[in-house]
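Below: one structure, written as structure tokens.
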């Protein structure tokens, strides 16, 4: 029986996933514990998901048949400390993927984040441009200066947003060949 505890950030929900013979036992903050039959998983998203403070953070999102989404992270972030659980995370995911594929052959496996998140990242440029337009108007900037500010904000936002979106774009993979970069390297987190 494999188990992993993760929490994406200090204010996020803590999760404990335990792989058992009957499925995946899930305990999550603000939810009663339950067992998820692995055949109910319709999509798995594995990603390297670094943050400013945790460059070695990985995440697993399970899209379930009922529309719910379960997430777990390779790290456990708390207010004052963080624990790297790379070994238990890697072992759980490596054991869980083939079992999900056997329980639901129609399940899709992706390297990268879910599409909604990726599209949201891509909107960074237009949102920055709109913000620049509004702030320029509030500051009383003339039309030529405001246009230049909007173009600069849009270009910077597009460079940042497009790069992040491309890095996290969902790419399908077969469950018997785990792609590189979606799990912590062996020996990490000891």
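The values are calculated or read from the model by the stated rules, or taken from the named source; none is laboratory data. Please read all numbers here as calculations on a predicted model, not as lab measurements. Using ideal geometry, Cβ is built from the backbone for each residue, glycine included, and neighbour counts are taken over all protein chains shown.
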Please tell me if residue 105 is closer than 26 Å to residue 14 by Cβ and part of a loop (DSSP other than H, G, I, E, B). no
Evaluate the range 107-126: report whether one residue or more is assigned by TED's automatic domain parsing to the domain that holds residue 9 and more than 15 Å from the chain's Cα centre (by Cα). yes
Take the range 38-71 and flag every residue that is in contact with a helix residue (DSSP H, G or I) (Cβ under 7 Å, 6 or more places away or on another chain) and part of a helix (DSSP H, G or I). 38, 39
Check whether at least one residue in the range 61-79 is over 24 Å from residue 108 (Cβ atoms) and surrounded by fewer than 16 Cβ atoms within 10 Å (Cβ to Cβ), and report yes or no. yes
Just checking, how many residues over the range 112-121 are at pLDDT 70 or above, part of a helix (DSSP H, G or I) and buried (at least 16 other Cβ atoms within 10 Å of the Cβ)? 2
Output the number of the condition that residue 141 fails; it satisfies all remaining conditions of (1) at pLDDT below 75; (2) not in a loop (DSSP other than H, G, I, E, B). (2)
Which numbered condition trips up residue 35, out of (1) surrounded by 13 or more Cβ atoms within 10 Å (Cβ to Cβ); (2) at pLDDT 90 or above; (3) in a strand (DSSP E or B)? (1)
